[in-house]
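The values are calculated or read from the model by the stated rules, or taken from the named source; none is laboratory data. Please read all numbers here as calculations on a predicted model, not as lab measurements. We place every Cβ from the backbone using ideal geometry, glycine too, and count neighbours over all the protein chains shown. What goes into the accessible areas is simple: the full protein's heavy atoms, side chains included, and nothing from ligands, DNA or RNA. Shrake-Rupley method; radii C 1.70, N 1.55, O 1.52, S 1.80 Å.
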Amino acid sequence: MITSLRGYRTEDRRALSLREPILTLPASGTLVVPLPGAEEGTARLVRPGDKLAAGQRLSLPRRSAPAHAPAAGVAEEIEFREMAVCGPVWTVRLRTGGERRASPLRPLPDRPEDEDVLRAAADAGIFDEMTGRPLFQELYRLRRLGAGLLLACAVEDDPWCSSACAVLREDPEKVERGLRLAAVACGGAQIGAAVSTRREEAALRRARPGLRVEVAGRRYPARAFLLRRLRAAGVSAGLIGPQALCALADAADGLPQTSGVITVSGDGVKAPRNVRAANGTPARALLEACGVSEDVSLVYAGPAWRGSALTDPDAPLPLHARCLTAMLHAERRRQSACIGCGRCGRVCPQGILPWQIHESLRGEKVEPYLLLNVQSCIGCAACTAVCPSGLPLSAEVSRAAAIRKSGDFL
Ligand code: SF4
Ligand code: SF4
């Protein structure tokens, strides 16, 4: 009988993009800004041809957070479209230009109450990059759950993504300021940070000696394991993205959230790094800033198990995208193409682990006991469809089934 699950270890490729500090990209000529929750016409506050000031409110949705113009310019088009990471959403196509700035939002009082913080998080249009939900909703949820500990979460399950880590490393003081405000909104919870490794723990302890630090490790799903460990110790904890916490600290000064930090990485990127980009920046601008290879065959936005494969290099990215990964074609790599995202295993209706079959078939000798359950494959190809590395998993599982049937393991 299984008594506990330990997860599986993902390859850690974050060091590549953490070598350089966060690069701030100037606003592109065209931004496509998502307006989440603005399905009703009255929730959209702009019309084609409107001149917009930087920071101007673009929407007033009832069940989401408002969007603000990341730069001054002219609204060219209001369009309902599919957007990476967001799904189908209303958007404003903004041609940027000019210096006009909107008046700041209402800043927080010196001693804010819980409702003040929730109002500021909602007004500033902050999204928690860890969940993709508006921060004020996340804070309400944590308050309802009675979270006694709020952790700034720099634990990344995606092997390439390092944006949360980079934000916490570059501005731990601002993250802590945001945490203190979030704790007010959650009824006075304790605060701390969650990191992946002991080395990150030591660095954070040096930067913020008084801050509680939890180490989650690198086994997927590390965040779930951390919450389980804390629950077993009697601590009900909530995780919030460092970017959202920095944005909450800015909201206290009346600034809306209009940009996000995105890790541009993958083996198809020559100079992987973290880039701060305006909401709605096209993927191409980020990729070109980091030197994308001409041989790249697959680009996906967002962490591997939640993100979307892009079919258009000009696809715009929302501020909570977190990572943009460009991969070379599998055959061009010397090592395994599998990035350990686990998507294939999760979509398989038969409970097969296609990544494990892929690994088993790579060796000179095929171990029969590793070809688990391959006979039950129904050939639906769901695993092939979701694999961000473009591996022909369905064909490999079918080959494994043939090998197993024939007994030809060598
Ligand atoms: S093709 Fe086979 S291994 Fe792949 S998802 Fe379908 S049943 Fe699972
Ligand atoms: S085989 Fe593809 S989908 Fe499966 S874990 Fe590897 S990269 Fe992810």
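Hey, can you rank 79-88, 229-238 by average C-beta count inside 10 Å, highest first?
Going by the mean number of other Cβ atoms within 10 Å, highest first, we get 79-88, 229-238.
Kindly express, to the nearest 10 degrees and within the range 0 to 90, the angle between helix 222-232's C-alpha long axis and the longest C-alpha principal axis of the chain.
80 degrees
Between Phe80 and Ala207, what is 0.36 nm times their sequence separation minus the Cα-Cα distance? Round to one decimal in nm.
41.3 nm
Would you mind working out the accessible area per residue for segment 342-406, using a 1.4 Å probe, and quoting it in Å²?
Accessible surface, normalised per residue, equals 51 Å².
Which percent of the accessible heavy-atom area of segment 342-406 goes to carbon and sulfur, probe 1.4 angstrom?
The nonpolar share, carbon plus sulfur, comes to 58 percent.
Under the Kirkwood approximation applied to all pairs of distinct alpha-carbon atoms, what is the hydrodynamic radius of segment 106-251 in Å?
The Cα-based Kirkwood calculation yields 15.0 Å.
Roughly what would the spin-label model give for Arg399 and Val235, points 7 Å off Cα along C-beta, in nm?
4.7 nm
Can you report the principal axis dimensions of segment 342-406 using only the alpha carbons, biggest first, rounded to whole angstrom?
The Cα atoms of segment 342-406 stretch 27, 21, 15 Å along the principal axes, largest first.
Provide the packing ranking of 54-67, 207-220, 265-278, i.e. peptides ordered by the mean count of other C-beta atoms within 10 Å per residue, highest first.
So the peptides 54-67, 207-220, 265-278, ranked by packing, come out 265-278, 54-67, 207-220.
What is the ratio of the Cα radius of gyration of segment 102-148 to 2.2 N^0.38 Å, with N the residue count, to two decimals?
Relative to the 2.2 N^0.38 Å estimate, segment 102-148 comes out at 1.23.
Please list, or write none, the aspartates and glutamates whose alpha carbon is within less than 14 Å of the alpha carbon of Lys51, excluding same-chain residues fewer than 8 places away.
Here the aspartates and glutamates satisfying the reach criterion relative to Lys51 are Glu76, Glu77, Glu99.
Leaving ligands, DNA and RNA out of it, report the carbon-plus-sulfur percent of the accessible area of segment 106-251 at a 1.4 Å probe.
Result for segment 106-251: 48 percent of the exposed heavy-atom area is carbon or sulfur.
Tell me the per residue accessible area of segment 147-295 using a 1.4 Å probe; a whole number in Å² is fine.
35 Å²
With every protein chain kept in the model, how would you rank Ile78, Ile262 by accessible area, 1.4 Å probe, largest at the top?
Ile78, Ile262
Mind jotting down a quarter of the surface of the convex hull over the alpha carbons of segment 4-159, in square nanometres, one decimal?
Average of the hull's projected areas for segment 4-159 equals 13.2 nm².
Under a straight-distance cross-link criterion of Cα-Cα below 16 Å, which aspartates and glutamates are reachable from Lys405, leaving out those fewer than 8 residues away in the same chain?
Output for Lys405: Glu367, Glu396.
By how many degrees, between 0 and 90 and to the nearest 10, does the Cα long axis of helix 242-251 differ from the longest principal axis of the chain?
In the chain, helix 242-251 runs at an angle near 10 degrees to the longest axis.
Going by average Cβ neighbours within 10 Å, how do the peptides 159-166, 137-144, 35-42 rank, with the highest at the top?
The peptides rank, most packed first, as 159-166, 137-144, 35-42.
Hey, what angle do you get for helix 172-185 against the long axis of the chain, alpha-carbon based, 0 to 90 degrees rounded to 10?
80 degrees
Name the residue farthest towards the positive end of the dipole of the chain from the options Leu23, Pro313, Gly192, assuming +1 on Cβ of Lys and Arg, -1 on Cβ of Asp and Glu, about the Cα centre.
The one lying farthest along the dipole's positive direction is Gly192.
Just the number, please: Stokes-Einstein D of the chain in µm²/s, Kirkwood Rh from C-alpha pairs, 10 °C, 1.306 mPa s.
For the chosen part, D equals 71 µm²/s.
With +1 on each Lys and Arg Cβ and -1 on each Asp and Glu Cβ, how big is the dipole of the chain about its Cα centre, in debye rounded to the nearest 20?
In debye, rounded to 20, the chain gives about 940.
Given points 7 Å out from each Cα along the Cα-Cβ axis, report the Gln350 to Arg111 separation in nanometres with one decimal.
6.6 nm
So for segment 342-406, averaging the separation of alpha carbon pairs under 8 Å that are six or more residues apart and normalising by length, what relative contact order in percent results?
So the answer I get is 37 percent.
Given the rule -39500 (n - 2.57) for each run of at least 4 DSSP H residues, summed and divided by the residues of the chain, what is its mean residue ellipticity at 222 nm, to the nearest 500 deg cm²/dmol?
My calculation for the chain gives -8000 deg cm²/dmol from helical runs alone.
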